[in-house]
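J.: Structure below; questions to follow.
The values are calculated or read from the model by the stated rules, or taken from the named source; none is laboratory data. Predicted model only: the values in this text are computed from it and were never measured. Methodologically, a virtual Cβ is constructed for each residue, glycine included, from the backbone with ideal geometry; neighbour enumeration extends over all protein chains shown. For accessibility, only protein heavy atoms count, side chains too; no ligands or nucleic acids. Shrake-Rupley method; radii C 1.70, N 1.55, O 1.52, S 1.80 Å.
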Amino acid sequence: MLGLMQDWPLLVHKIIDHAAQNHGDREVVTRSVEGPIHRTNYREIAVRARKVAEALDRLGLKEGDRIATLAWNTWRHLETWYGITGMGGVYHTLNPRLFPDQLIYIANHAEDKVIFFDITFASLVEQIAPKLPKVELYIAMTDAAHLAEMTKKSGANIPNLVAYEEFIAGSSGTYEWKQLDEKAACGLCYTSGTTGNPKGVLYSHRSNMLHAMMCAQTDAQAVCSRDSILPVVPMFHANAWGLAFSAPMVGAKLVMPGPKLDGASVCELLTTERVTMTAAVPTVWLTALQYMDQNNISLPHLNRVMIGGSACPRSMIETFEKKYNVQVIHAWGMTEMSPLGTIGTLKHHVAELPHDKQMDYKVKQGHPVFGVEMKITDDDNNELPRDGKAFGRLKVRGPAIVKGYFRGEGTDAFDDDGWFDTGDVATIDSESYMTITDRSKDVIKSGGEWISSIEIENIAVGHPAVAEAAVIGVRHPKWDERPLLIVVKKPGAAVTREDILEYLKGKIAKWWMPDDVQFVADIPHTATGKIQKTTLREQFHAYRLPTAAE
Ligand code: AMP
């Protein structure tokens, strides 16, 4: 027997309709790519999203067509996403930090038909356009005057080029959204792919909508209509962690940083737009915190900051909480999970622990939100105990988690019971708090035992002279691999190898102590802000540990 409740398909453009209807005046503020601060609201965005849909429809685009965006977080990008999904298309976020060859591979693999791009990427688009035979139209996300200015500098050779404002100008804004199946594809994002080719994750309307509801919960992003939210995390990095959906869903103000993600620009918006909640990867906060410290910035409005994408070090959590009175929400997730998986908020009895003990939980990656099932297994797929000690392959399943990559790639990540192997190695404790110890390919295997590179890195950055730290395994004749600690010093700091090793003493097991410390000017990062360990391993390929001769 079926239930007698209404069929109301979970379609993401219903979010912008809800925001327009019930929170129409709520502002969306952008530091525009052209320069000035731009202000609009959900009512206007919903009308302009319909104009985008109408114009794409007129162009002959069909349901399921992939339409790419190569753009910063702006109000136009938001309109474009909702417009694409409302006409049945699939928004495909291209990450401008990738190499041109990777972008060409991805856009061709996706068979993108249109590319919306910010004028800051004109020369990049000009470079890749000749190798994208399927793209029929390039839309510069600006007006005609700025497009003309742009082509004087670069992009003059981009074929079939139109300004966004011209593109939507002939549309009425009364377009009727397409009637779609909630399981229809609506978004596409490729994994950063540190090994092999990037793989496409194809979201459905249903998965994005359920994910937005998961995000909005109090023990997750805890967003509400009184919030002013600044997603520093780009829409091209795992859907801006769901904020482009969860913020309008609850009627929160959105503050879009455009192309300026430096400490000064972010801090300015935090203050002028009275931001209450923000989100970014640790590397962004690394520079922002330095800026705040040097310029005596205070954050009177900011209430919480969501940090994920890489492990958030204890020292960063302490600085935000003790110095700025801002709560840190440490989160873990993946592009493949839409992306939210776990969240480090305090469960009831943890909240009653003394501050130092609470901190031990805050550095963990957190407990799963509803809709995420999680387990750890050994290499033979046997489930390991949830005792906070055993570590193994982290596997997940749920309604907003990938069940297969676009065009059938990467099948080895999925097992017959529907579990997805995250590629992360983790522990889960009896309270369901999960701790990532490593990516499986980064774990250091020393004498048959595993050493967590992430844990050593997190402790090392707590040293006052250390700006950033990375640990990699280096070949060792006796132990197979031993940890090498690579350090970037803070500007002007004087610190020696011995100082750092002394600092680590007693904080990690003796046999985890790095065999050496090397200082470098900077550490390479991936297009999504993670430490690029493959490059570091290449860089230190010829390096020999001082202990290797023993
Ligand atoms: P992406 O799909 O680019 O978001 O990358 C997902 C990967 O980033 C995960 O599989 C983890 O390896 C890593 N990651 C994300 N959040 C965290 C976190 N809070 N701590 C440690 N690693 C993280």
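J.: Give the Kirkwood hydrodynamic radius (Å, one decimal) of the chain, defined as one over the mean of 1/r across all pairs of different Cα atoms.
T.: 24.4 Å
J.: Also, quick follow-up: Counting DSSP beta bridges in the chain, what percent are antiparallel, to the nearest 5?
T.: About 55 percent, rounded to the nearest 5.
J.: Within segment 1-109, report the GluC sites (Glu not before Pro) that DSSP leaves as loop and that have at most 11 other Cβ atoms within 10 Å.
T.: Passing both the DSSP loop test and the Cβ count: no residue.
J.: If you don't mind, another one. GLN179 label point, 7 Å along Cα→Cβ, cut-off 18 Å on backbone N: hits in segment 80-117?
T.: Label zone hits: 86-89.
J.: Quick one: grab the alpha carbon gyration tensor of segment 1-126, order the square roots of its eigenvalues as a ≥ b ≥ c, and give me rounded if a/c is under 1.5, else prolate or oblate depending on whether a/b is larger than b/c.
T.: Oblate shape, in that a/c is at least 1.5 and b/c is the bigger or equal ratio.
J.: Note the angle between two axes, namely the Cα long axis of helix 13-22 and the longest principal axis of the Cα atoms of the chain, as a number of degrees from 0 to 90, rounded to the nearest 10.
T.: 80 degrees
J.: If you wrap segment 373-439's Cα atoms in a convex hull and average its projection over all directions, what's the area in nm²?
T.: Averaged projected hull area, Cα only: 4.7 nm².
J.: Taking the mean number of other Cβ atoms within 10 Å as a proxy for protection, how do you rank 116-126, 389-399, 154-164 from highest to lowest? Walk me through the numbers before you get to the answer.
T.: Numbers: 116-126: 21.8, 389-399: 19.5, 154-164: 17.2.
Going from most to least packed, we get 116-126, 389-399, 154-164.
J.: Between ASP25 and ALA549, what length in nm is gained on full extension when 0.36 nm per residue of separation is reduced by their alpha carbon distance?
T.: Gain on extension, ASP25 to ALA549, equals 181.7 nm.
J.: Follow-up. Treating the angle as unsigned and between 0 and 90°, give the value, to the nearest 10°, between the Cα long axis of helix 282-294 and the longest Cα principal axis of the chain.
T.: Its long axis makes an angle of about 80 degrees.
J.: Continuing with the same structure: Given a 1.4 Å probe and every protein chain left where it sits, what share in percent of the accessible area of segment 215-346 is carbon and sulfur?
T.: C and S atoms contribute 48 percent here.
J.: Going by amide H atoms built from the backbone, whose H comes under 5 Å of the H on GLY258, apart from near neighbours?
T.: Answer set, sorted by chain and number: ARG31, ASN73.
J.: Pop out the carbon and sulfur fraction of the accessible area of segment 36-101 as a percent, whole number, probe 1.4 Å.
T.: On the way: 1070 of 2040 Å².
Taking all protein chains in place, segment 36-101 shows 52 percent carbon and sulfur surface.
J.: Where does helix 144-153 land angle-wise versus the long Cα axis of the chain, in degrees 0 to 90, nearest 10?
T.: That helix lies at roughly 50 degrees to the long axis.
J.: In addition: Given a Förster distance of 60 Å, report the FRET efficiency between LEU2 and ASP522 from their Cβ-Cβ distance, rounded to the nearest 0.05.
T.: 0.50
J.: Could you sort out which of LYS131/LYS153; LYS153/LYS199; LYS199/LYS533; LYS364/LYS505 sit more than 31 Å apart by Cα distance in this structure? Before the final figure, lay out the partial values.
T.: Details: LYS131/LYS153 21 Å; LYS153/LYS199 34 Å; LYS199/LYS533 19 Å; LYS364/LYS505 21 Å.
Too far apart for the 31 Å limit: LYS153/LYS199.
J.: Find how many whole Å separate the alpha carbon centroid of segment 303-322 from the alpha carbon centroid of segment 410-432.
T.: 25 Å
J.: Enumerate the amide H contacts of HIS476 below 5 Å, restricted to partners 5 or more residues apart or on another chain; note that Pro and chain-start residues carry no placed amide H.
T.: Placed amide hydrogens put GLU481, ARG482 under 5 Å from HIS476.
J.: Next question. How many nm is it between the label spots at ALA351 and ASP380, if each spot is 7 Å from the Cα in line with the beta carbon?
T.: 4.3 nm
J.: Which value, in Å², gives the accessible area per residue of the chain when a 1.4 Å probe is used on the protein heavy atoms?
T.: Per residue, the chain has 42 Å² of solvent-accessible surface.
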